[in-house]
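Presented below is the structure to which this report refers.
The values are calculated or read from the model by the stated rules, or taken from the named source; none is laboratory data. This one's a predicted model, so the numbers in the text were calculated from it and none came from an experiment. So basically every Cβ, Gly included, is an ideal-geometry build from the backbone, and we count neighbours across all protein chains shown. SASA here: full protein model, heavy atoms, side chains in, ligands and nucleic acids out. Shrake-Rupley method; radii C 1.70, N 1.55, O 1.52, S 1.80 Å.
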Amino acid sequence: KDSKQTITKPPREEGEAPQQEEITFTSKELLALQMLFLLVDRKDRGFIDVQDLIAWSAEEGEPVQVREAQMCLDAVDFDLDKRIGFEDYLHFAARSKDRYLVA
């Protein structure tokens with residue numbers, strides 16, 4: 001069964017209007033996304049920050065510098081609050097769904 005979630009996409013630039021975007025994932029996809037999110041959000045705070053990205057990448061054997069982690073965060077941070085919440089993560093996953101998610 002598919003789970004549908006409508007998310008308001010915040011403006012990426014000043015003056016741009018927010019947009020409604022319907023994102024559809026299967027239950028399996030949502031579970032996989034939640035598990036992946038929690039791999040990085042080990043403190044279970046509900047968000048991922050630059051330090052989480054640095055720690056996770058080092059544990060995975062691919063250490064990154066602060067600048068690289070910040071660039072990754074900026075690419076996924078749709079609401080521009082300087083951290084990746086699960087909703088930000090869903091937006092990112094939706095953009096990449098056809099390439100990376102397998103049902």
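Worth a mention:
- Selected residue (only one of Ala69, Ala94, Ala58 is in a helix (DSSP H, G or I), at pLDDT 90 or above, crowded, with 16+ Cβ neighbours inside 10 Å and among the aliphatic types (A, V, I, L, M)): Ala69
- Verdict on Leu101 being at pLDDT below 95 and open to solvent by less than 90 Å² (accessible area, probe 1.4 Å): yes
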